[in-house]
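The values are calculated or read from the model by the stated rules, or taken from the named source; none is laboratory data. Fair warning: this is a prediction, and the values are worked out from it, not measured in the lab. Neighbour counts are summed over all protein chains in view; Cβ atoms, including those assigned to glycine, are modelled from backbone coordinates with ideal geometry.
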């Protein structure tokens, strides 16, 4: 049985109700070919919504020196840059783009203390574009670990207009547990120390909470 995330239960319910009403109305008032098209369209839309808000059963990868992917998606950036928001130093930015077909639960990539949290209002550029990291609506978390400090940034996309971050400053992050949720296509940025060993490459698909993406030196 598909388990639905709490962020999507109302949306799934409304989607099913609208689909049933559409199919029922077409059965009464429209010719057979359109009835079949309405049924097919409704089923496809319901399946897409269920896929988006599903909660996958997975066993997280746990290792205190390993940084795991905070989201499902594709690696779209691995580059050195100056990070001023929390780390205030040169670091490695590793970015993951989540399409509408990916699970949009976000996971803690490491265990440690949540030392920083800040929300930024902004634009809604396509999340795949590099400028979205600085200009879009976003939420940032700084996590302190014995091996080094990292910054995790949730970035809203062109369709995504709702970021959920469950973390509280001062709490403890547990690797592989839920950190938050972003509705529809969006992006996750990791900012890591320069000496971090990167374990993935551009274009690679990763799984949230499971795929090791980097390792502290």
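Considering the range 47-73, and only residues there that are at pLDDT 90 or above and closer than 30 Å to residue 19 by Cβ, the residue that is surrounded by the most Cβ atoms within 10 Å (Cβ to Cβ) turns out to be 71.
Of all residues in the range 82-115, those satisfying the criterion of being within 14 Å of residue 206 (Cα to Cα) and either without any contact (Cβ under 8 Å) to a residue 60 or more places away in the chain or not assigned by TED's automatic domain parsing to the domain that holds residue 207 (or both) are 101, 102.
Quick check, is residue 79 touching a strand residue (DSSP E or B) at 6+ places or on another chain (Cβ under 9 Å) and closer than 17 Å to residue 200 by Cα? Answer is yes for this residue.
Looking across 151, 188, one residue alone is assigned to a strand (DSSP E or B) and under 11 Å from the mean Cα position of the chain (by Cα). It is 188.
Among residues of the range 1-29 that are in contact (Cβ under 8 Å) with a residue 24 or more places away in the chain, those with a beta-carbon under 6 Å from a residue that is in a strand (DSSP E or B) and surrounded by 13 or more Cβ atoms within 10 Å (Cβ to Cβ) at least six positions away or on a different chain give the pairs 2/54; 7/181; 12/4.
Among the residues of the range 184-210, the ones that are closer than 25 Å to residue 165 by Cα and surrounded by fewer than 17 Cβ atoms within 10 Å (Cβ to Cβ) come to 2 in all. The criterion of at least 2 residues that are more than 20 Å from the chain's Cα centre (by Cα) and within 26 Å of residue 198 (Cα to Cα) is met by the following strands (runs of 3 or more DSSP E) wholly inside the range 34-125: 73-83, 89-98, 112-120.
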